[in-house]
Amino acid sequence: QVQLVESGGGLVQAGGSLRLSCAASSRIFSSHLMAWFRQAPEKEREFVALIRWGTGRTTYADSVKGRFTISKDGANNIMYLQMSDLKPDDTAVYYCARARSYDTSGHDYDYWGQGTQVTVTQ
């Protein structure tokens, strides 16, 4: 059993920045892929970014490309999401998750965190 705990959410003005963290309770192996998703009220869950733990290669949703950066601290099993130039449309609960394979739909994930709220005001 793996526990994922997100932190770092909060209230920020448009144009501001936040850094989210996702701490895993046990080792994340090089074969794993880790991702961030988000869900706004009354909207479907949306893929944000993914990182291949072994290679560090990343994938981003078009809506966040150039503004968000996913990264990892392999030694401490922590994943980050640096969010810059935030917009009101970025308001959502952000979740981290561990994937069983490369997947941006959210269906092939075996562990999810509880989420952290990000609210961006005008």
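The values are calculated or read from the model by the stated rules, or taken from the named source; none is laboratory data. Just so it is clear, the model here is predicted, and its values are computed rather than measured. Positions of Cβ are backbone-derived with ideal geometry, glycine not excepted, and every protein chain shown enters the neighbour counts. Protein only, heavy atoms only, side chains kept; ligands, DNA and RNA dropped before computing areas. Shrake-Rupley method; radii C 1.70, N 1.55, O 1.52, S 1.80 Å.
Table for the structure above
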read-out: Under 21 Å from residue 87, Cα to Cα: lysines that are on another chain or at least 8 residues apart; value: 43, 65
read-out: Cα centre as origin, Lys/Arg/Asp/Glu Cβ charges: the stretch 1-78 dipole, Debye; value: 240 debye
read-out: Range in the chain, longest, excluding exposed chymotrypsin sites (Phe, Trp or Tyr not before Pro) [loop by DSSP; at most 13 other beta-carbon atoms within 10 Å]; value: 30-101
read-out: Rounded to whole Å, sorted largest first: equivalent-ellipsoid semi-axes of the chain, Cα gyration tensor; value: 22, 14, 14
read-out: Proximal aspartates and glutamates to residue 72, defined as alpha-carbon separation beneath 18 angstrom and excluding residues fewer than eight positions away on the same chain; value: 6
read-out: Debye equation applied to the C-alpha atoms of the stretch 59-116, log10 I(q)/I(0) at 0.22, 0.24 Å⁻¹; value: -1.14, -1.30
read-out: Å² of accessible area per residue within the chain, as computed with a 1.4 Å probe and no ligands counted; value: 51 Å²
read-out: Anisotropy class of the stretch 26-69 from Cα gyration tensor, a/c 1.5 cut; value: oblate
